[in-house]
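Encoded as structure tokens, the structure appears first; notes follow it.
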Amino acid sequence: MNNILLKISSDLLTISFIKKKENKNLNNTNVIDTKELLFSYEYVLENLELVSSFLNTVLIKNNISKVRINNIELVSLTLDLISNNNTIKNMLINDDKSINYDIFLKLLDNKTLEYLNCYDIPPFLLERLDINKNLKIDVRSEIFFMSNFMETNKLVKYSDIYYKKSLVLTKNFEPRDIEDFKTFLNINRYLKTIHLKYYSNDLIYSIVEIFKEFNVHDKTIVFYENNNIKIIVNSITYLKNIYNTFLEKNNIQFKIVYSKEYKRKNLFKQLNFITLKYMCIVITVCAFIFSALDFYKNYTSDKKLNDINNQLTDILDNYDFNHLEESSDVEYIDVSDTTTTGYSSDFSVYYNKYNQIFDELATINNETVGWLTVPSTNVNTPVVQTLDNDFYLTHDFNKNYNSFGWIYMDYRNNIYNLSNNTIIYGHNKNGRLFGSLRYVLNESWYNNKENHIITFNTKMKNMKWQIFSIYKIPKSNDYLYANFKKLNEFEDFLNFIKSRSIYKFDVDVDKNDHILTLSTCSNNGTQRLVIHAVLLDDEDEEKTNNKVATSEITTKETEE
């Protein structure tokens, strides 16, 4: 890379490349000649802000109002260096090369320049500068030079480029065509189709490479059969093999337009194509019908869940809590404000000791075994259990068929004598049931310690469980062991599931504890989202509450 020479004479700053001097230590001297500054190109790039600040001081001190740039490659860098300078009003670009789109963007950003002299600037960029800037531009070339690409597609004005929906290419790209095509892609917002009236391997590969460079998407490249059809087909096949991932991800498609003569000669093949086309239409219609039926099934299932939730809400709302107010152990919890996730609970206020309404819940479903709540989610619901793990996959709390199912406990567990691992399942559909458990993967959720306590109450006991592991894994059953014959096996299991956690909870769990596992589907059923929590005894619960209270006091003191 060459060095950059900045030379000051009178009111003019001249910037140019000079050949690198091998044995000279640049930018390392005790005496700086501000009339002639020499920098390595790498140094300027790495210390742009420092050099700009220094140069600005020099320009102001010497009252410099003009800049002459001898190399087009230095124009963009020079505009960066003088971006904060208010003295430079005039710019001369000596190089007989055209201004490109990058330079144009930086000219748009510059707030000081009043005059520019250059060899050439594309008319559409000149038009844009003329509309948006108080900048006079003199062009030294006798006429504006237009590339074949710009001329063929009549791209004269900025608006022509911006709104162009289709392009026609009739020749191979020359260097100027490539530059203008890239500028076109930077500006245009509506292009859908490129018609190749002329075909060559170099041209199509250039187009796809530029598409990849600019991450272009949703475009169709149209080939015409009047070119060699075999070469076109082979090229398309080759391109799809080489650029398959990019083409599919960005929806870049290829289309061949056949002449009438070709269609006449290939009528039989065309008929087969039409047959295949109609078969595709039939398949698409069938897929639409099945999709509509699936939508209707989900709609009716969702409506049934709404009815059940309204039914449960009525039970809670109609339950007489007045006679409990005199009791000292009554605890009300307000869950109407769930600001952590932005989700509100189905029930605004609930009573923590659900054993007092279990009898009424049992009149609706005699397999009700508990009530589960997870903070800052929509999980606030009765839990059921039957003789297998299949029935409630497709049946709701009323035991009616429902594709959403219900939240249920593993048939191997026992609410009277807790297993090592109590497992609760629920579908993740449309945010329903265990759908809102996805919030536990958010940092804002698991960093809030108030979210770490799960409540799972049964008719016999109110229980709180502290989360110690959260993770997602591919579909697996290796965390669904309910009971362990040997305590050391259970201890190994605990270490195993703790090691998977996305967050270090620093919760002690040992082989003498009981744990709770919540399991649901994720990523369209290909993965499982799992939460593990350990049962707190009264002493553990008191310590946890004290920690939360202390955290709240500290936060309030900090705010004050």
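Taking residue 411 and the conditions (1) under 19 Å from residue 519 (Cβ atoms); (2) part of a loop (DSSP other than H, G, I, E, B); (3) in contact (Cβ under 8 Å) with a residue 40 or more places away in the chain, which numbered condition does it fall short on, given that it satisfies the others? With (1) under 19 Å from residue 519 (Cβ atoms); (2) part of a loop (DSSP other than H, G, I, E, B); (3) in contact (Cβ under 8 Å) with a residue 40 or more places away in the chain applied to residue 411, the lone miss is (3). There is at least one residue in segment 174-186 that is buried (at least 19 other Cβ atoms within 10 Å of the Cβ), touching a residue at least 60 places away in the same chain (Cβ under 8 Å) and under 26 Å from residue 128 (Cβ atoms). Kindly indicate whether any position in segment 99-109 is under 16 Å from residue 179 (Cβ atoms) and free of Cβ contacts under 8 Å to residues at least 24 places away in the same chain. Scanning segment 99-109 turns up at least one residue that is under 16 Å from residue 179 (Cβ atoms) and free of Cβ contacts under 8 Å to residues at least 24 places away in the same chain. The residues on offer are 186, 215, 234, and the sole one that is part of a loop (DSSP other than H, G, I, E, B) and among the polar types (S, T, N, Q) is 215. A single member of 193, 245 is free of Cβ contacts under 8 Å to residues at least 24 places away in the same chain and within 31 Å of the chain's Cα centre (by Cα), and it is 245. Sub-8 Å Cβ pairs linking a first residue in segment 145-164 that is on the phi > 0 side of the Ramachandran plot to a second residue that is buried (at least 16 other Cβ atoms within 10 Å of the Cβ), at least 6 apart or interchain, are 154/160, ordered by first then second residue. Take the residues of segment 414-442 that are assigned to a loop (DSSP other than H, G, I, E, B) and of a type in the set (A, V, I, L, M): which is surrounded by the most Cβ atoms within 10 Å (Cβ to Cβ)? Only one residue fits best here, namely 415.
Residues are listed down the side, and each one gets a yes or a no for (1) among the aliphatic types (A, V, I, L, M); (2) within 24 Å of residue 411 (Cβ to Cβ); (3) part of a strand (DSSP E or B); (4) modelled with pLDDT under 85:
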| position | (1), (2), (3), (4) |
| --- | --- |
| 454 | yes, yes, yes, no |
| 493 | no, yes, no, no |
| 531 | yes, yes, yes, no |
| 540 | no, no, no, yes |
| 547 | no, no, no, yes |
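Selection within segment 238-281: residues that are polar (S, T, N, Q), assigned to a helix (DSSP H, G or I) and surrounded by 11 or more Cβ atoms within 10 Å (Cβ to Cβ). The member of this set that is modelled with the highest pLDDT is 272.
The values are calculated or read from the model by the stated rules, or taken from the named source; none is laboratory data. As the structure is a computational prediction, the values presented were derived from the model and not from experiment. Methodologically, a virtual Cβ is constructed for each residue, glycine included, from the backbone with ideal geometry; neighbour enumeration extends over all protein chains shown.
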